[in-house]
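Beneath this line is the structure, given in structure tokens, with notes to follow.
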Amino acid sequence: GLNPAQHDAVVHAQGPLLILAGPGSGKTRVIAHRIAHLIGEQETPAARVVAVTFTNKAARELRDRIELLLGSAARGITMGTFHSVCSRFLRIDGEVIGVPRSFAIYDDADQMALMKRVCSEFNLEPRQYPPRAVLSVISQAKSELRGPTAFAAQLKTYFEEIVARCYQRYQTMLIDNSALDFDDIIMKAVELFRASEEVREKYQSRYEHVLVDEFQD
């Protein structure tokens with residue numbers, strides 16, 4: 001049931017492959033069939049395959065498709081959202097960079113409550129320095145892999161100076177609470193792989209095939 005372009009992607013030989021296609025054109029279908037081909041036809045052990053996507057809905061759809069194609073042979077595949085897979089890595093090996101195995105993940109409400117405490121400590125006027133706006137800048141910095149020190153080194157406005165102070169305090173309070181926020185999960189996973197050659201090589205040797213859906217996100 002695959003068209004020629006989809007079939008070519010599914011049976012692609014060794015090496016990287018980038019698929020560019022519009023919405024509804026079958027990208028997730030290709031990834032599911034690609035995994036089924038690797039495990040069913042090329043006899044790749046399921047444990048050597050990792051598949052990640054952006055949303056929980058997309059991850060469930062991908063898992064359902066793969067299980068439909070492979071049945072019980074799908075067991076052992078590392079599969080989920082970017083955040084869930086990175087959380088798994090951090091719970092196993094994050095202590096290398098000071099992340100406790102039992103870390104809590106703060107949702108939006110938790111982050112807002114914490115930032116309001118930070119702003120209150122600094123006596124910031126909420127209408128002038130809305131906690132949501134401060135959090136937004138911090139979130140952007142984390143998506144660019146800039147921690148408090150790196151952010152503070154590149155300030156351009158007075159507002160950013162305020163954010164830098166809040167960012168440092170906010171991060172300290174997260175650590176005190178053994179917590180990560182949603183943006184930390186990706187940033188800390190990257191930090192882990194950069195900091196520890198041993199951990200990096202462990203996952204490099206484990207995973208032979210890495211499949212990424214919605215990579216632009």
Grab the beta carbon distance between E43 and S143, set R0 = 41 Å, and tell me the FRET efficiency rounded to 0.05. 0.60
The rounded separation in angstrom of the Cα centers of the range 18-86 and the range 186-213 is 18 Å
Quick one: in the range 1-85, what % of C-alpha pairs are over 23 Å apart? 16 percent
Name the residue, out of N123, N177, N56, whose mean-square fluctuation peaks in a Gaussian network model built on the chain with Cα pairs under 10 Å. N123
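Would you work out what percent of the accessible area of the range 1-125, with all protein chains in place, is carbon or sulfur (probe 1.4 Å)?
53 percent
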Principal-axis tilt of helix 197-206 within the chain, Cα atoms, nearest 10 degrees: 30 degrees
Nearest 10 degrees is fine. How inclined is helix 56-70 to the longest principal axis of the chain, computing both from alpha carbons? 20 degrees
Among all the lysines, which ones have a C-alpha under 21 Å from K156's C-alpha, if same-chain residues fewer than 8 places away are not counted? K142
Using 7 Å Cα-to-Cβ label points, what is the H7/Q216 separation (nm, one decimal)? 2.8 nm
Find the Rg to Rh ratio for the range 47-141, where Rh is the Kirkwood radius over alpha-carbon pairs and Rg uses the same atoms. 1.15
Tilt relative to the chain, helix 27-36 - C-alpha long axis, 0 to 90 degrees, to 10: 60 degrees
Taking the Cα centre of the range 42-148 as origin, sum charge times position over the Cβ atoms of Lys and Arg (+1) and Asp and Glu (-1), and report the length of that vector in debye to the nearest 20. 60 debye
If you roll a 1.4 Å probe over the range 135-211 with all protein chains in place, what percent of the accessible area is carbon or sulfur? 49 percent
At a probe size of 1.4 Å, how large is the accessible area of T55, to the nearest 10 Å²? 60 Å²
Given a 1.4 angstrom probe, what's the average accessible area per residue across the range 153-208, in square angstrom? 57 Å²
How large is the accessible surface per residue of the range 13-65, computed with a 1.4 Å probe and reported in Å² as a whole number? 58 Å²
Cross-link partners among aspartates and glutamates for K202, C-alpha distance below 17 Å, same-chain residues fewer than 8 apart left out? D93, E95, E191
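Of the trypsin sites (Lys or Arg not before Pro) in the range 139-217, which ones lie in a loop per DSSP and count no more than 13 other C-beta atoms within 10 Å?
K156
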Of the convex hull enclosing the alpha-carbon atoms of the chain, the direction-averaged projected area in nm² is 14.2 nm²
Suppose R0 equals 25 Å. What FRET efficiency, 1/(1 + (r/R0)^6) with r the Cβ-Cβ distance, do K156 and A104 give to the nearest 0.05? 0.15
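The values are calculated or read from the model by the stated rules, or taken from the named source; none is laboratory data. Remember, it's a predicted structure, so these values are computed and weren't measured experimentally. Ideal geometry is used to build each Cβ from the backbone, glycine not excepted, and the neighbour counts take in all protein chains shown. With ligands, DNA and RNA removed, areas are computed over all heavy atoms of the protein, side chains included. Shrake-Rupley method; radii C 1.70, N 1.55, O 1.52, S 1.80 Å.
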